[in-house]
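What follows is one structure encoded as structure tokens, with my remarks underneath.
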Amino acid sequence: MKIAKDCVVSIEYRMHLGDGNVVDESEPGEPLEYLQGYEEIVPGLEKVLEGKQAGESLKVVVGPDEGYGDYDPEGVEEVPRSEFPEDLEIQAGGVLSATDPDGDEVDFLVKEVRKDSVLVDFNHPLAGKTLHFEVTVKGVRAATAEELEHGHAHGEDGHGHD
Ligand SMILES: [Zn+2]
């Protein structure tokens, strides 16, 4: 069957940022399963996979607008050191997480540790990047009613989440 909305698709993929150095890939023999049409993967990749079928391999280049968005300079903020727990070790290059007003967990990058403050970056690490994918479609099947209700694919063992 061809990939269309409400199908569960399994893909093997590798991703690099143009220089060939792989920054993300599926585990060998463990393809990524996702539900087509529910933004489980970046929009630019989902769009190209529409209509493809098992066995097809493709190379896809996805710009930031259809990937993780443009890099937003306003996503960089200077936060007083006193707003972090005193015993927390903070190092430039480290990734920390915080809870936003909606109760969602957000990760952020520590850009720079200053005397009394910390410069942090809330942009997605892949924001502003052009993503190069090599993808092979391993399987396509109809989603179960439960998967459609949840808006995501479930693994072979059933749920995989609470
Ligand atoms: Zn679920």
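The values are calculated or read from the model by the stated rules, or taken from the named source; none is laboratory data. As the structure is a computational prediction, the values presented were derived from the model and not from experiment. All Cβ positions, even for glycine, are placed from backbone atoms using ideal geometry, and neighbour counts span all protein chains on display. Just so you know, the surface numbers come from the protein's heavy atoms only, side chains and all, with ligands and any DNA or RNA stripped out. Shrake-Rupley method; radii C 1.70, N 1.55, O 1.52, S 1.80 Å.
Of all the listed residues (Glu147, Glu112, Glu134, Glu105), the sole one being under 18 Å from Ala4 (Cβ atoms) and among the acidic types (Asp, Glu) is Glu147. Note on the range 76-96: residues that are in contact with an Asp or Glu (Cβ under 6 Å, 6 or more places away or on another chain) and loosely packed, with under 10 Cβ neighbours inside 10 Å total 0. Being in contact with a Lys or Arg (Cβ under 9 Å, 6 or more places away or on another chain) and open to solvent by less than 60 Å² (accessible area, probe 1.4 Å) is the requirement here; does Leu45 meet it? For Leu45, the condition - in contact with a Lys or Arg (Cβ under 9 Å, 6 or more places away or on another chain) and open to solvent by less than 60 Å² (accessible area, probe 1.4 Å) - is not met. Inside the range 62-104, residues that are farther than 30 Å from Tyr13 by Cβ and among the aromatic types (Phe, Trp, Tyr) make up a count of 1.
With a requirement of 2 or more residues that are without any contact (Cβ under 8 Å) to a residue 24 or more places away in the chain, within 15 Å of the chain's Cα centre (by Cα) and closer than 27 Å to Val106 by Cα, the strands (runs of 3 or more DSSP E) lying completely within the range 1-77 that satisfy it span 22-25. Given the criteria under 30 Å from Thr136 (Cα atoms) and touching a helix residue (DSSP H, G or I) at 6+ places or on another chain (Cβ under 7 Å), does Leu35 qualify? For Leu35, the condition - under 30 Å from Thr136 (Cα atoms) and touching a helix residue (DSSP H, G or I) at 6+ places or on another chain (Cβ under 7 Å) - is met. For Asp102, the criteria (1) open to solvent by 60 Å² or more (accessible area, probe 1.4 Å); (2) at pLDDT 95 or above; (3) farther than 14 Å from His124 by Cβ hold in every case but one, which is (2). For the range 110-144, a residue qualifies if it is among the hydrophobic types (A, V, I, L, M, F, W, C), at pLDDT 95 or above and open to solvent by 50 Å² or more (accessible area, probe 1.4 Å), and the qualifying residues are Val113, Ala142.
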